[in-house]
1. Sort the chain into rounded, prolate or oblate with this rule: let a ≥ b ≥ c be the square roots of the eigenvalues of the Cα gyration tensor; rounded if a/c is under 1.5, and if a/c is not under 1.5, prolate when a/b is larger than b/c, oblate otherwise.
2. Would you kindly state how much longer the chain becomes between D93 and R145 on full extension, computed as 0.36 nm times their sequence separation minus their alpha carbon distance, in nm to one decimal?
3. Compute the distance in nm between two label points, each set 7 Å from the Cα along the Cα-to-Cβ direction, one at V36 and one at A159.
4. If each residue's Cβ is checked for other Cβ atoms within 10 Å, how do I148, I164 rank with the fewest at the top?
5. Rounded to the nearest 0.05, what FRET efficiency is calculated for T166 and V55 with R0 set to 41 Å and r the Cβ-Cβ distance?
6. Please arrange D98, D158 by how many other C-beta atoms lie within 10 Å of their C-beta, fewest to most.
7. What nm distance separates the two modelled labels at E68 and N107, each placed 7 Å from Cα along Cα→Cβ?
Amino acid sequence: MIVLRGFLVWLLLAFPAGAQQLSPQVLIVDTDRLFVETLYGRQIAADLAAQAAAVQAENDRIVQELTEEERSLTLRRSEMTPEAFRIAAEAFDAKVQDVRRVRDAKNLELQQASVERRARFEERVQGIVANIMLERGAAMVLEQRMVILSVRAANITDAAIARIDTELGNGTE
């Protein structure tokens, strides 16, 4: 029985999409592919990568400066009174803590920008996917990750990618 069921599933999936005369009521889309493979999604990813690289370069520069400052303080220690060194060390520690807070805020800002850009992408793409759903007479669209088994004709990811590229391009308005 299991072999027969497996064979039937294989036959159903083996037919090319054009040979399937089904008009699925439920369509499937891979939203990760929409983001990764569309011009718009790639533009967002490139912009965010450039921002992340700039933040990282700035972080590297600051770390280098703080390392040099710490080294200088360590070298001057023998020339300082214990009280003067303690004051300088506390000031340096306070500076490091301030820098850390600012850097953490920058990283959080970058993460929020990523979430906002992805949400805006999904918002703009949703209408395109909805139009494909209506054109095909389907009742709903499910995310690929939620689907265990389907026929090829139900997956509209390639059509959605082509339509998004045509209608939105790289997303610049």
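1. prolate
2. 14.0 nm
3. 2.3
4. Result, fewest neighbours first: I148, I164.
5. On the way: r = 34 Å, r/R0 = 0.82.
So, using R0 = 41 Å, E works out to roughly 0.75.
6. Values: D98 10, D158 13.
Starting with the residue having the fewest Cβ neighbours, the order is D98, D158.
7. 2.4
Every number in this text was worked out from the coordinates using simple rules, so none of it is lab data. This structure is a prediction, so every number in the text was calculated from the model and none was measured. As a convention, Cβ positions derive from the backbone with ideal geometry for all residues, glycine included, and neighbour counts pool all protein chains shown.
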